[in-house]
Amino acid sequence: QFPFGRRLPCDIYWHGVSFHDNDIFSGQVNKFPGMMEMVRKITLSRAVRTMQDLFPLEYNFYPRSWILPEEFPLFVAEVRMMKDSDPSWKPTFIVKPDGGCQGDGIYLIKDPSDIRLTGSIRSRPAVVQEYICKPLLVDKLKFDIRLYVLLKSLEPLEIYIAKDGLSRFCTEPYQEPTLKNLHQVFMHLTNYSLNIHSGNFIHSDNVNTGSKRTFSSILCRLSSRGADVKKLWSDIISLVIKTIIALTPELKVYYQSDIPAGKPGPTCFQILGFDILLMKNLKPMLLEVNANPSMRIEHEQELSPGVFENVPSPVDEEVKVAVIRDTLRLVDPQKKKRKDVQQHIESCKNKINIRYNYFMCYRCQTLEHVSEANEELLDAGPADRREYGTTRSPEAGLPSLCLKQVFPKYAKQFNYLRLVDRVAALFIRFLGVKGTTKLGPTGFRTFVRNCKLSNSNFSMASVDILYIDITRRWNSMGIDHKESGMCLQAFVEAFFCLAQKKYKSLPLHEQVKSLIDFCEYHLAALDEKRLVCGRG
């Protein structure tokens, strides 16, 4: 451990909280720049909402959400309208502070008037969501699932999901929310850090029982009841991929800011904790994403009043050790070297095995290949010959990977959703100065001009007004005042606005796709023209 930083280069840097070291010029870091900001409740809700605007059916796994305090009037109006249209609708809402964790500051309400609009909500913004009143119960208890997801690479996008996770249980039998039980956190909130303080919390040495169990044990139980476990897993994989697709555009903006293209810098990977709730009909719903999921494999046990000791937790150990071990196996830089050498050796063997009688005229050439290959094997040295010859690989004694690749494996099914990724690529192209995350007015005008978006109906003066209006509104929301200019979310809104102006009769996702194609076509033509001029 190097609490004050390390100056000697490493293959892998494992940071505790976030990507924060500007002195790393090579290797791999276990954190992405901006990930902490991206999975905060407000930022996550905004990112998913953008995708819900484009693809409402594909993103119906995230509860309806409003951002406080800025959307409080909208929240009140929409709830009143829904109640008027359906008098039998008696909703419950859950309020979650933006930067909260471990259940801190979360509470349930039945009506918008119950929100604690005090000074704290203004200094500590929050998200209010429709509460899922009909969760799947096991042993009459509500529970959620913590799944571990490895984001191995942003470009190209590479995602792995752990084959097992944790099921974390409430400690009081569940009842649908009423005014009498809204405050009973051990009934409604699944957070481990809250329920561990309940007198009913059960630490178990068995992965199938207790207040924390493996997800696989729940799947076995569901399967024995006739549930379609394969479909459930398929739905969870889809939820994870779609959520990361929603997060990647802004992550790429942060990435190019901290690690500009063309300059020496590390590559990144990160283990994320996805918190998922199963509804009674087995539909998975996303609760939140954690950038720093706990990797502890023990829990505190009170020996006597005020005296605690750490005791191993078999459930945590079974799931988390495999996740860490296999993450390191996947990002191991030596693995690529071994693979490259193995491919080279195989290539040499193929040369050696060219049949003698294939063409007699190649006899001399074949003997030459044999000679070269033998020389290369000798140059590799005895240790390398052992490793790549007849002996087992270094991973032969390890269990099979617990991390399953889901992207790019299923890329064909989900690539059509990556429209905002392409919008972000346009945004990054026109940022101008490397290391910035906001687009200035000149950059926005250049984008419009180069993409041929201005015309008699949409003058450059209108372009300036659009830029000023949208940028001012986003800046008034308190979105990162360190830099002036238009953030990616504001640019996406402006882009959607331009798409709706240009392609009026199409659905929004087709409008946006058409405008992206239009912009990319004109930029490709511009690049080609510059290339020709450069040659000239």
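The values are calculated or read from the model by the stated rules, or taken from the named source; none is laboratory data. What you see is a predicted model, and the numbers here were worked out from it, not measured in a lab. Cβ: placed from backbone, ideal geometry, glycine included. Neighbour counts: every protein chain shown. What goes into the accessible areas is simple: the full protein's heavy atoms, side chains included, and nothing from ligands, DNA or RNA. Shrake-Rupley method; radii C 1.70, N 1.55, O 1.52, S 1.80 Å.
Values for this structure:
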| read-out | value |
| --- | --- |
| Residues within the range 219-278 that are open to solvent by 30 Å² or more (accessible area, probe 1.4 Å) and assigned to a strand (DSSP E or B), tallied | 1 |
| ASP527 in contact with a Pro (Cβ under 9 Å, 6 or more places away or on another chain), more than 18 Å from LEU419 (Cβ to Cβ), part of a helix (DSSP H, G or I) and modelled with pLDDT under 95 | no |
| Among (1) within 30 Å of THR267 (Cα to Cα); (2) over 13 Å from the mean Cα position of the chain (by Cα); (3) surrounded by fewer than 19 Cβ atoms within 10 Å (Cβ to Cβ), the one test that LYS163 misses | (3) |
| Members of the range 290-326 that are open to solvent by less than 40 Å² (accessible area, probe 1.4 Å) and in contact with a helix residue (DSSP H, G or I) (Cβ under 6 Å, 6 or more places away or on another chain) | ALA291 |
| Members of the range 137-159 found to be open to solvent by less than 20 Å² (accessible area, probe 1.4 Å) and of a type outside the set (D, E, K, R), listed by number | VAL138, PHE143, ILE145, LEU147, TYR148, VAL149, LEU150, LEU151, LEU154, LEU157, ILE159 |
| Output for the range 465-479, where each listed residue is in a helix (DSSP H, G or I), open to solvent by 50 Å² or more (accessible area, probe 1.4 Å) and not polar (S, T, N, Q) | ILE465, ILE468, ASP469, ARG472, ARG473 |
| Search result, residues across the range 427-460 that are open to solvent by 60 Å² or more (accessible area, probe 1.4 Å) and either assigned to a helix (DSSP H, G or I) or on the phi > 0 side of the Ramachandran plot (or both) | ARG429, GLY432, PRO441, THR442, ARG445, ARG449, LYS452 |
| Tally of residues being buried (at least 22 other Cβ atoms within 10 Å of the Cβ) and over 23 Å from TRP474 (Cα atoms) across the range 25-58 | 3 |
| In the range 275-311, residue modelled with the lowest pLDDT [restricted to those that are among the β-branched types (Val, Ile, Thr) and over 22 Å from the mean Cα position of the chain (by Cα)] | VAL307 |
| Those residues of the range 169-183 which are of a type outside the set (Lys, Arg), more than 16 Å from ILE132 (Cβ to Cβ) and open to solvent by 30 Å² or more (accessible area, probe 1.4 Å), in sequence order | GLU172, PRO173, LEU179, HIS183 |
| Residue among LEU147, LEU166, LEU157, LEU151 that alone is under 22 Å from ASN60 (Cα atoms) and at pLDDT 95 or above | LEU147 |
| Selected residue [under 25 Å from ASP326 (Cβ atoms), open to solvent by 30 Å² or more (accessible area, probe 1.4 Å) and of a type outside the set (Phe, Trp, Tyr)] from ASN200, ASN208, ASN191 | ASN208 |
| Subset of the range 427-437 [touching a residue at least 24 places away in the same chain (Cβ under 8 Å) and out of contact with any Leu (no Cβ under 8 Å at 6 or more places or on another chain)] | ILE428, LYS434, GLY435, THR436 |
| Pair list, Cβ < 6 Å and 6+ apart or interchain, from the range 51-64 residues that are within 22 Å of ILE516 (Cα to Cα) to residues that are open to solvent by less than 80 Å² (accessible area, probe 1.4 Å) and part of a loop (DSSP other than H, G, I, E, B) | MET51/TYR59; GLN52/TYR59 |
